[in-house]
Structures are given as C-alpha cells and as structure tokens.
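Note sheet for the following structure.
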Amino acid sequence: MTTIAYAHPNIALIKYWGKAPDQGNVPATPSLSVTLDTLVTRTAIETADADRFELDGRPVEDKKLAACLADLRAHYDVPPLVIRSRNNFPTAAGLASSASGFAALVTAIDGHCRLGMDAATRSTFARRASGSAARSIFGGFVALDGPDWAARPLLERADWPLRVVVAVTSAAPKAVASSAGMRLSMASPFYPAWVTSTHEDFRLAVDHVRNRDFDALAELAEHSCLKMHGLMLATRPGLVYWNPVTLECLHRIRALRAAGLPVFCTIDAGPQVKAICLPEAAGRVAAELRAIPGVIEILEIGLGSGASLEAP
Ligand code: PMV
C-alpha cells in the first residue's frame, strides 16, 4: 500500500533566524508566513524491509530525514519505510524545499501508519526537523511562536488572496545551509538585537494580517527581511546569499512601491526574490521583474492550502 501526501513551501514575512538554546530545534524568534500554491512536494510512502529515501528519483542519505524518523520512532510505532519525494521546483535554492519536504513527510507517515496526530502535533514534529516546516502544515497566513512552538493558522487564504511573484535568479544549491548559517549568526554582535526586535515585529505583523493592512505589513515585512540579511552580513564569515540580480530585483520592487504599487519584497537564505502583492498588481510586477537581465524564470503564485493526504 502506498500513501501519498502533498505540502507546499511557505515564505516568511517575519523571518526566523537562530535557534533557542533548548533541545528540539526551537526557533529563537517567532515567525509569520504565507503558504504558497503551485510549488509542491509530493511524498509517497511504502512499508519496506529497510529505510530508503529517494529525492527527485535519486537515492540520497539525509541526516535531517534520518533524525526526523528517529524522533517519530521514539514516540510511535513506525516500521521501515521507502520514502519517495519529488519537488516541482529547485531543491535547496531558497524556495523552502525543506519546509514542504518535512511537512509532507510527517503528514504521509502519520497517514500511512495511522498515528492519529492532530495538525499541531504534525507541526511540532515537522518543526523539530526544519523550523520553517512547522508552518507548511497549515495554509494561508500562519504564525509560529512560543511557548509550544507548533504553528497555527492566522487567516485563511481566501480571506486575503495575496499573490507572490518569485524571480528565480539562480538554480544552484545555496552555499551555506540555513541551520549552519544560523549557528554562525548566533555569535554576531547583531544577534541579541535581532532576537529582541523580532518579537515586537511579530506582534505587530499579526495585527496587520488580521486587519489586512497591506501598507503596514509591507513596510514591516521588508524591514524584517533586510534586518535578517543585515545579521547574515554581520556574521563571521559573512553570509551573502544575494547575487547582483537579487539586488536589482529588490531595487525594482522598492521603486514600484514608491510609485504607488501595492508590492513588497522578501528574500530568504538564497538568491531568489519574492514579491508579495495585492492581486491587481501581480501582472505589472511579473512583467517588471521578467525584464531584468539575469532573471531566469518568473513564477506567479497564489496562496496555498496546508499539507494533506491524497484521497485513497
Ligand atoms: O527552517 P529552515 O532551516 O528552513 O530555515 C528557515 C530560514 C528562513 O527561510 C531564512 C526564514 C524563515 O522563517 O523561513
């Protein structure tokens, strides 16, 4: 019997970067995200004689995946599994493939082994593998904060159908994985200020989302992104995830907003640029970014649903 689960990546508007000193991959900062549609991880699971993992058709050894299985087995009866996972977008290039990957994995195992987890429990197991994965369990606007560090839905996608225009500027895997980068950043002199101020950013952003206040969210989300990249730059060795095209896209998006278009920019631990906008601005934003030399591809995406099982 094969069990199939799907999950979408999510994009943080208030970023998480850094871990709490406790065990269990607890983020140092709360975060707020939107789950995307169109981009998807599909994970198929079968019971087997020994664990085997294939990503995009190739056998791989993955320490985080092994740790996630061990974590589940410490709490539940989970037999050896063959896990086949596919992304319809580049893996490990700043498009949050680990978020959709672990959300789909935990959802598939829960369904396959009939573990009976609720969504908060799936979110907690996904978070212990990859912090951002906790948020991909839910659709629409999602918050991840303490004290329990399971994500929770804030607003349904239909209640504020923002669009996300992704400018892909490189298909290469990122140079420094986010967990390793976070560990380095925690020694930066900027780190304490980042953690303290992000708690306040998060509280305000939750209100802006609930009020559907685009302008206030735009200003705050762009600030959170640039503040995180400021911390990354002030890490030793400096973490520079951008390329020249990334910067060109950032300038273009800010110029469009200055000219009155409802759009703002966010960038994660990779060179891709995500322009978040009201639906009426998406066509113009996509055209402007497509015209920038070096932009490889433009994806125009809506907000998506949470992780789910394929109906048998
Ligand atoms: O949880 P990870 O390892 O995928 O790290 C996520 C880090 C950022 O994408 C840069 C920010 C975030 O909150 O998603």
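Each value in this text was obtained by applying a stated rule to the coordinates, not by laboratory testing. This one's a predicted model, so the numbers in the text were calculated from it and none came from an experiment. In this analysis, Cβ positions are derived from the backbone assuming ideal geometry, glycine residues included, and neighbour counts consider all displayed protein chains.
Tabulated data for the structure shown
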read-out: Ranked VAL245, VAL285, criterion: other C-beta atoms within 10 Å, fewest first; value: VAL245, VAL285
read-out: ³J(HN,Hα) computed for each position of region 276-290 - Karplus, 6.51 cos²θ - 1.76 cosθ + 1.60, integer Hz, glycine/proline x; value: 9, 8, 5, x, 5, 9, 4, x, 5, 4, 4, 5, 5, 6, 4
read-out: Extension gain, ALA50 back to THR38 (0.36 nm per residue minus Cα-Cα distance, nm); value: 1.1 nm
read-out: Difference of contour (0.36 nm per residue) and Cα-Cα distance, ALA120 to HIS251; value: 43.3 nm
read-out: Phi-based couplings in Hz for region 23-33 (Karplus 6.51, -1.76, 1.60; Gly and Pro marked x); value: 6, x, 6, 8, x, 7, 10, x, 8, 9, 9
read-out: Paramagnetic label zone (point 7 Å from Cα along Cα-to-C-beta, MET1; backbone N under 19 Å) in region 101-134; value: 105-118
read-out: Taking MET117, MET228 and counting other C-beta atoms within 10 Å, the order from fewest to most; value: MET117, MET228
read-out: Sorted by Cβ density within 10 Å, fewest first, the residues CYS225, CYS249, CYS113; value: CYS113, CYS225, CYS249
read-out: Separation in nanometres of the label points that stand 7 Å from Cα toward Cβ, at ALA175 and GLU200; value: 3.3
read-out: 5 angstrom amide H check on LEU155, placed H, neighbours 5+ away; value: PHE141
read-out: Between 0 and 90°, nearest 10: helix 119-129 axis offset from the chain longest Cα axis; value: 80
read-out: Those lysines that a straight Cα-Cα span of less than 25 Å connects to LYS227, excepting residues fewer than 8 apart in one chain; value: LYS15, LYS19, LYS174, LYS274
read-out: C-alpha long axis of helix 191-210 to longest principal axis of the chain, angle in °; value: 90
read-out: Alpha-carbon centroid distance for the pair region 238-267 / region 102-140, whole angstrom; value: 32
read-out: Extension gain (nm, one decimal) between ALA20 and ARG284, 0.36 nm per residue minus Cα-Cα; value: 91.0 nm
